[in-house]
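To start, the structure under review is shown below, and the notes come after it.
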Amino acid sequence: MGLSLEQKKAMVQELAAVAQEAHSAVAAEYRGLDAGQMDALRAAARQQGVYLRVVKNRLARRAVEGTDFECMQDSFVGPLVLAFSQEDPGSAGRLIKAFAKEHSNLVAKVIAVGGQVLPGSELDRLASLPTRDEALAKLMATMRAPIQKFATTLNEVPSKLVRTVAAVRDAKQ
């Protein structure tokens with residue numbers, strides 16, 4: 001039994017709200033996955049903060065209108081599962097990449113990040129993006145490095161003087 005018009009409208013509104021807030025999206029073909037495997041994919045998505053939904057392509061096209069993911073509309077062909085990253089840009093890519101390693105039937109078809117559409121072959125680039133915590137750690141290390149090197153350099157001058165005086169003392173004894 002199909003969905004009623006009201007259910008379709010609600011689904012489109014929900015998907016549009018998620019798309020407005022999402023950082024990136026991955027559309028993957030899931031042909032050949034059974035119900036148990038799809039349940040496992042959904043459970044993994046919930047754990048990683050990824051919104052995952054199987055939606056008719058026509059409804060997906062309507063839902064992404066006016067969002068950064070409008071560029072994906074032409075690629076909505078065939079049975080697709082949409083994964084939207086809600087926490088960090090790479091989470092949907094990591095989810096699809098990890099699940100595709102175990103299940104070869106899941107194939108990324110199109111990726112969108114910041115209003116730019118990329119082919120599914122760029123999944124590795126999206127999956128390799130750092131999480132928020134990793135990015136902050138790298139930023140802090142980068143900001144700390146010049147100060148640390150400056151402090152080391154300033155400390156080296158008196159240290160060298162002490163070593164020189166100690167060497168002269170040892171030479172006189």
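Bear in mind these aren't lab numbers, they're just calculated from the coordinates by the rules spelled out. If you're wondering where the values come from, they're calculated on a predicted model, not measured in any experiment. When we count neighbours, we look across all protein chains shown, and the Cβ atoms used for this are built from the backbone with ideal geometry, even at glycine.
Largest first and in whole Å, give the semi-axes of the range 125-173's equivalent ellipsoid, each being the square root of 5 times a Cα gyration tensor eigenvalue. Walk me through the numbers before you get to the answer.
Working: eigenvalues 399, 21, 7 Å².
Three semi-axes, in Å: 45, 10, 6.
Within 12 Å, Cβ to Cβ, of VAL12, how many net charges do the neighbouring residues add up to if Lys/Arg are +1 and Asp/Glu are -1? Intermediate values should be presented prior to the final figure.
Numbers: positive: LYS8, LYS9, ARG53, LYS56, ARG58, ARG61, ARG62; negative: GLU6, GLU14, GLU65.
Overall, the nearby charge balance is +4.
Quick check: pseudo-label points 7 Å beyond the Cα along Cα→Cβ at SER104 and ARG144, how many nm apart are they?
4.5 nm
Would you work out which of SER159, THR131, GLN173 lies farthest towards the positive end of the dipole of the range 130-173, given +1 charges on the beta-carbon of Lys and Arg and -1 on that of Asp and Glu, about the Cα centre?
GLN173
Taking each pair of distinct Cα atoms in the range 5-129 once, what is the resulting Kirkwood hydrodynamic radius in Å? Walk me through the numbers before you get to the answer.
Values: mean 1/r = 0.0710 Å⁻¹.
The answer is 14.1 Å.
Taking only DSSP H segments of four or more residues, each worth -39500 (n - 2.57), what value at 222 nm results for the chain once the sum is divided by all its residues, to the nearest 500 deg cm²/dmol? Please report the intermediate quantities before stating the final value.
Values: 6 runs with 96 residues, N = 173.
Result for the chain: -18500 deg cm²/dmol, rounded to the nearest 500.
For Cα pairs less than 8 Å apart in space and 6+ apart in sequence, what is the mean separation divided by the residue count of the range 5-129, i.e. the relative contact order in percent? Don't skip to the end; give the middle numbers.
Details: 228 pairs, mean separation 45.3, N = 125.
The normalised contact order for the range 5-129 reaches 36 percent.
Considering only C-alpha atoms, what is the centroid distance from the range 1-62 to the range 116-173, in Å?
Value for the Cα centre distance between the two parts: 44 Å.
Starting from 0 in steps of 5 Å, tell me what percent of the Cα-Cα pairs of the range 70-149 lands in each bin.
Binned Cα distances yield the sequence 3, 13, 21, 21, 14, 9, 7, 5, 4, 2, 1, 0.
If you build a Gaussian network model of the chain, linking Cα atoms that sit under 10 Å apart, which residue out of GLU87, GLU102, GLU65 swings the most?
Largest GNM mean-square fluctuation: GLU102.
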